[in-house]
Amino acid sequence: MSRKEGSTEGESSSNWANIVGDVLRCIADKTHSVQDRTRMGTVCRSWQASLKDKQIIFPICLMLAEKEDSDKRCFYNISEEIFIELELPEIRGRRCWGSPFGWLITCGLDLEIQLFNPLSRANLALPPLNTFTHRKHWQNRTSEDVRNYFINKLLLSSNLASPDCFVFAIYSEYNFLAIAKPGDNKAWTPINVAPTPIEATHIIRFDDVICFNGSFFAVRDSGQLFLCQDIDASHPNAVEFASVPPTWSPRDAGWTKYLVDMGGNLCVLSRIIQPYGYTSDIGEGFTSDSEEEIEIFTSDNEGGDNFFTKEFHIFKLNMQTRNWERILSLGDRSLFLGNCYTFSVIAADYHGCMSNCIYVTNDYLHSGGSDIGIYNCEKKEMLDLFPKLDNRQYLRSSFSPPLWFIHCPH
């Protein structure tokens with residue numbers, strides 16, 4: 001009897017191992033859970049061999065705001081529509097910025113700046129905050145104020161294994177630009193900008209930075225595009241590469257700009273925000289594309305938030321002519337922006353992602369951090385990311401609002 005049972009078990013194991021590799025890989029393609037996909041590779045040696053070259057696509061997550069008096073951080077997995085809590089005492093009380101490369105960039109009350117991987121728990125030092133230039137007006141501020149407001153954005157440009165991997169900082173009340181290499185904790189190197197004669201008395205404020213085809217570009221608040229040069233040298237600089245998109249209105253200059261690689265096209269976005277209860281046009285020469293009022297989720301306003309995202313103006317750059325062309329659709333892609341490095345993905349590669357949509361988080365601390373949603377470019381409306389969520393407490397933070405992030409163990 002026992003021998004028969006053993007034979008049945010052996011046949012069962014043999015049958016599992018004999019699943020044709022192509023069939024197994026097809027099943028893996030339909031498996032959207034990272035945990036399940038990882039377990040498949042541990043069933044037997046045959047499965048492990050069949051799946052060894054099958055890349056695991058880690059999900060895009062929204063890391064929510066810090067819970068008070070807790071070491072846990074909550075991540076919302078948009079593919080599985082589940083919340084996952086991780087014990088992460090290393091980032092308690094630290095302001096965080098996201099990336100699609102598996103690493104967070106953090107700054108604490110100790111004013112130390114680090115790269116942190118939530119899965120491997122690895123830390124990499126970056127130069128501390130006190131090595132930035134232009135800190136004269138911050139000398140007598142509390143460490144809490146400095147942590148919260150001195151740095152506007154910290155951006156990891158690429159995977160750590162890439163030779164193009166740098167960390168860019170947009171800092172101070174004037175949105176200056178600086179750069180550092182991961183693992184180098186000496187000092188932040190400012191990127192100098194020579195203003196045009198017309199703007200000789202103006203400070204050029206930057207909003208976003210991107211690594212595109214091996215080059216580094218930065219966009220200022222007006223929409224003017226700059227190319228960063230000699231970034232490995234002791235005195236890197238930025239020069240104008242493309243002018244402001246011609247059809248932007250003067251009021252576009254007041255909105256936050258984002259740079260993104262949209263399937264091989266360098267694009268700039270202007271995020272149009274609007275105070276609650278404000279209904280006037282966007283501005284002269286460029287009014288809202290939607291004649292209907294966009295639905296406002298008033299429940300988000302109960303916490304004192306003052307603004308919501310109304311729409312986006314999007315342009316792509318012709319790299320040869322350096323002219324901008326307005327685009328109205330993202331095609332098959334999804335875009336993620338806010339308190340993170342701006343990135344886009346092919347929606348079909350990530351279960352649960354909606355194509356032609358912009359996934360938005362709030363990178364403006366003064367509004368509370370809960371301007372979060374999914375902007376549908378076709379319908380020109382903002383959709384609620386959490387339509388069934390009653391308690392929105394963890395969408396708000398006074399110092400570290402939610403951010404987009406892709407987990408990666410390395």
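The values are calculated or read from the model by the stated rules, or taken from the named source; none is laboratory data. These numbers come from a predicted model, not from an experiment. Note that we place each Cβ from the backbone using ideal geometry, even for glycine, and neighbour counts take in every protein chain shown.
Brief remarks on what is shown
- Residue satisfying condition, being at pLDDT 90 or above and in contact with a helix residue (DSSP H, G or I) (Cβ under 8 Å, 6 or more places away or on another chain), within set 122, 178, 187, 169: 187
- Any hit, the range 162-173, residues being closer than 21 Å to residue 228 by Cβ, aromatic (Phe, Trp, Tyr) and not in a loop (DSSP other than H, G, I, E, B): yes
- Scanning the range 87-125 for residues that are surrounded by fewer than 22 Cβ atoms within 10 Å (Cβ to Cβ) and basic (Lys, Arg) yields 92, 121.
- Matching residues, the range 138-158, being free of Cβ contacts under 8 Å to residues at least 12 places away in the same chain and not basic (Lys, Arg): 139, 140, 142, 145
- The set of residues in the range 203-252 that are more than 19 Å from residue 341 (Cα to Cα), assigned to a strand (DSSP E or B) and small (Gly, Ala, Ser) comprises 238, 242.
- Flag for residue 135 being more than 18 Å from the chain's Cα centre (by Cα), free of Cβ contacts under 8 Å to residues at least 24 places away in the same chain, surrounded by 13 or more Cβ atoms within 10 Å (Cβ to Cβ) and in the same structural domain as residue 257 (by TED's automatic domain parsing): no
- Test: residue in the range 212-219 that is under 18 Å from residue 171 (Cβ atoms), in contact with an Asp or Glu (Cβ under 7 Å, 6 or more places away or on another chain), of a type in the set (Phe, Trp, Tyr) and assigned by TED's automatic domain parsing to the domain that holds residue 152: no
- Enumeration of residues in the range 174-191 that are under 22 Å from the mean Cα position of the chain (by Cα) and assigned to a strand (DSSP E or B): 176, 177, 178, 179, 180
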